[in-house]
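To start, the structure itself, in structure tokens.
The values are calculated or read from the model by the stated rules, or taken from the named source; none is laboratory data. Only a predicted model underlies this, so the values are computations on that prediction, with no experimental measurement involved. Using ideal geometry, Cβ is built from the backbone for each residue, glycine included, and neighbour counts are taken over all protein chains shown.
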Amino acid sequence: MNATHTRSRLTKTALAAAVAAVLLAGTACSSKGDGDGGGDGADGVKAGPGVSDATIKLGALTDLTGPYATLGKSIVQAQQMWADETNAAGGICDRKVEIVVKDHGYDVQKAVAAYADISSDVVALPQVIGSPVVSALLDDIERDEMLTFPQAWAADLLGKDAVQVLGTTYDLDMIAAVDYLTREKKITKGATIGHVYFEGDYGANALEGSEWAAEKAGLKVVGQKIKATDTDLTAQVSALRKAGVKAVLISAGPAQTASLAGVAASVGLTVPIVSSAPGYAPQLMKTPAAKALEAMVNVVSAAPAVSSDLPGVQKMVTAYGKKYPDSPVDSGVLSGYNAAQLLGADLKKACEGGSLTREDVVKAHRSQDDADTGLGTPQNFTDVSQPASRSTYVLKPDAKATGGMVNVEEAHEAPGVEEYLASRG
């Protein structure tokens with residue numbers, strides 16, 4: 001091996017190590033519920049698992065030690081902030097809100113065990129990280145009528161009464177990504193684009209959207225399937241370069257996005273890259289890949305950047321900064337806080353109806369057709385078979401911005417989304 005190859009290999013190794021060190025700095029925490037449940041409360045409100053006269057317990061199955069540790073930490077802290085704010089204002093239904101947190105480290109078996117551990121003690125789950133995790137728990141969640149907000153956006157999760165995908169799904173975001181590439185990056189008919197994607201529901205659903213949109217635009221998609229443990233994408237970049245791609249989509253994690261951009265830049269494959277929302281974290285701007293990310297990457301997301309001028313977002317950012325001054329304000333904070341606020345509204349509506357049973361919390365949720373927390377676009381939860389929103393933002397990494405990203409395009413429904421959804425039935 002010559003000196004140039006040696007330096008190149010060392011650079012890629014250093015990049016992967018630096019990214020991993022930054023992204024796996026999450027802290028683990030957990031708590032255990034003591035079990036509540038059943039019968040009518042002293043105030044006449046019908047209760048069930050997770051509800052007593054004094055408390056409403058919610059559950060969080062999160063990743064604090066795996067590939068989405070930074071996301072998990074942000075969501076946990078944001079939802080705890082919401083709980084503290086809610087309790088300071090008198091709680092919900094005159095009850096204090098408690099959140100029981102379990103770390104599964106993005107391990108499905110650990111997640112299944114964690115669900116079994118807390119399922120009898122909580123009324124709903126405002127956070128479950130990971131498409132594979134949610135998929136493994138679907139039968140149990142439906143059986144238990146446990147209203148669940150996944151931090152996962154696979155279209156396969158639609159159609160379940162108790163499971164609510166918030167915002168758009170991965171396929172819709174990739175349709176928006178292809179639209180952005182053709183409009184703004186001038187990717188024209190006949191061109192080849194790459195799509196690097198995780199195996200499993202996340203990547204498969206994203207690929208479904210990109211392939212559908214590419215066919216409509218007259219583009220060819222070259223897919224590169226990877227595992228969550230693949231953090232050096234040198235081989236994938238080499239294959240995409242050989243295929244002559246004019247742009248690359250990626251539906252993976254932050255470490256993979258950083259590797260893709262960094263390696264591509266190092267070999268001269270300076271093409272536009274568009275990432276699904278879970279593929280970016282502001283911590284990446286402290287890695288050697290930062291320059292390449294700013295130069296080459298955009299992100300498609302159902303949520304705005306936390307640097308947005310939306311009053312609700314600004315208020316949340318200020319509060320979070322005061323409560324957790326040593327933690328970055330990232331998209332996970334916005335996602336987690338939004339989910340908690342939506343669940344809080346469901347619980348209040350259920351209380352007004354006289355019942356906090358799981359079944360009635362789900363009914364309260366499904367009755368809402370214009371839920372708006374002020375943190376993005378309104379959502380419609382009444383049709384279980386359809387995404388709650390069809391509108392996607394386009395964002396861009398920016399090291400100087402709060403949360404490491406800025407809005408490039410405001411939320412809008414990409415051309416073809418309605419046709420695509422109709423084709424899915």
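Here is a list of conditions, (1) part of a helix (DSSP H, G or I); (2) out of contact with any Phe, Trp or Tyr (no Cβ under 7 Å at 6 or more places or on another chain); (3) buried (at least 24 other Cβ atoms within 10 Å of the Cβ), and Asp179 meets all of them except one; can you say which number that is? Evaluating Asp179 over (1) part of a helix (DSSP H, G or I); (2) out of contact with any Phe, Trp or Tyr (no Cβ under 7 Å at 6 or more places or on another chain); (3) buried (at least 24 other Cβ atoms within 10 Å of the Cβ) leaves (3) as the failure.
Do we find that Thr168 is buried (at least 24 other Cβ atoms within 10 Å of the Cβ), farther than 19 Å from Ala214 by Cβ and modelled with pLDDT of 95 or more in this structure? I'd like the intermediate steps shown before the answer.
Working: buried (at least 24 other Cβ atoms within 10 Å of the Cβ): yes; farther than 19 Å from Ala214 by Cβ: no; modelled with pLDDT of 95 or more: yes.
Answer is no for this residue.
For region 257-287, give me each residue that is surrounded by fewer than 18 Cβ atoms within 10 Å (Cβ to Cβ) and modelled with pLDDT under 95. The one that is surrounded by fewer than 18 Cβ atoms within 10 Å (Cβ to Cβ) and modelled with pLDDT under 95: Lys286. In region 411-422, the residues that are in contact (Cβ under 8 Å) with a residue 40 or more places away in the chain form Cβ pairs under 8 Å with partners that are surrounded by fewer than 18 Cβ atoms within 10 Å (Cβ to Cβ) and among the charged types (D, E, K, R), at six or more places apart or across chains, as follows: Gly416/Lys216. Put simply, of Asp383, Asp398 the only residue that is among the charged types (D, E, K, R), outside the structural domain of Gln151 (by TED's automatic domain parsing) and in contact with a Gly (Cβ under 8 Å, 6 or more places away or on another chain) is Asp398.
Got a sec? Which of Gly218, Gly223 is more than 23 Å from Ala289 (Cα to Cα) and either in contact (Cβ under 8 Å) with a residue 12 or more places away in the chain or in contact with a His (Cβ under 6 Å, 6 or more places away or on another chain) (or both)? Lay out the reasoning, then the answer.
Numbers: Gly223 fails: more than 23 Å from Ala289 (Cα to Cα).
Being more than 23 Å from Ala289 (Cα to Cα) and either in contact (Cβ under 8 Å) with a residue 12 or more places away in the chain or in contact with a His (Cβ under 6 Å, 6 or more places away or on another chain) (or both) holds for just one of Gly218, Gly223, which is Gly218.
Looking at the structure I just gave you, is Ala206 touching a residue at least 24 places away in the same chain (Cβ under 8 Å) and more than 24 Å from Asp63 (Cβ to Cβ)? No.
Return a yes/no flag: does region 183-192 have any residue that is among the hydroxyl-bearing types (Ser, Thr, Tyr) and part of a loop (DSSP other than H, G, I, E, B). Before you say what the answer is, go through the steps one by one.
Here is the first cut: in region 183-192, the ones among the hydroxyl-bearing types (Ser, Thr, Tyr) are 188, 192.
Then keep just the ones that are part of a loop (DSSP other than H, G, I, E, B); that gives 188.
Within region 183-192, one or more residues are among the hydroxyl-bearing types (Ser, Thr, Tyr) and part of a loop (DSSP other than H, G, I, E, B).
Taking the condition among the hydrophobic types (A, V, I, L, M, F, W, C), buried (at least 20 other Cβ atoms within 10 Å of the Cβ) and touching a residue at least 60 places away in the same chain (Cβ under 8 Å), does Ala162 pass? Spelling it out, Ala162 is indeed among the hydrophobic types (A, V, I, L, M, F, W, C), buried (at least 20 other Cβ atoms within 10 Å of the Cβ) and touching a residue at least 60 places away in the same chain (Cβ under 8 Å).
On the stretch given as region 125-143, residues that are surrounded by fewer than 24 Cβ atoms within 10 Å (Cβ to Cβ) and either in contact with a helix residue (DSSP H, G or I) (Cβ under 7 Å, 6 or more places away or on another chain) or outside the structural domain of Ala83 (by TED's automatic domain parsing) (or both) total 4.
All of Ala261, Ala292, Ala235 fail the test of being touching a strand residue (DSSP E or B) at 6+ places or on another chain (Cβ under 7 Å), part of a helix (DSSP H, G or I), free of Cβ contacts under 8 Å to residues at least 40 places away in the same chain and assigned by TED's automatic domain parsing to the domain that holds Lys189, apart from Ala261. When residues in region 369-403 are screened for being under 25 Å from Leu293 (Cα atoms), in contact with a helix residue (DSSP H, G or I) (Cβ under 8 Å, 6 or more places away or on another chain) and crowded, with 22+ Cβ neighbours inside 10 Å, 5 of them pass.
Only one residue in Gly253, Gly223 is at negative phi and modelled with pLDDT under 95, so which one is that?
Working: Gly223 fails: modelled with pLDDT under 95.
Checking each option against the conditions leaves just Gly253.
Of the residues Val299, Val248, Val313, which is within 21 Å of Asp63 (Cβ to Cβ), buried (at least 18 other Cβ atoms within 10 Å of the Cβ) and not polar (S, T, N, Q)?
Numbers: Val248 fails: within 21 Å of Asp63 (Cβ to Cβ); Val313 fails: within 21 Å of Asp63 (Cβ to Cβ).
Checking each option against the conditions leaves just Val299.
Pull up region 139-171, narrow it to residues that are among the aliphatic types (A, V, I, L, M) and under 14 Å from the mean Cα position of the chain (by Cα), then point me to the one that is nearest to Pro278 (Cα to Cα). Before you say what the answer is, go through the steps one by one.
Of region 139-171, the ones among the aliphatic types (A, V, I, L, M) are 141, 146-147, 152, 154-155, 157-158, 162-163, 165-166.
Okay, now just the ones that are also under 14 Å from the mean Cα position of the chain (by Cα), so 152, 154-155, 157, 165-166.
Numbers: Ala152: 9, Ala154: 12, Ala155: 15, Leu157: 17, Val165: 14, Leu166: 14 Å.
Applying the filter and picking the extreme gives Ala152.
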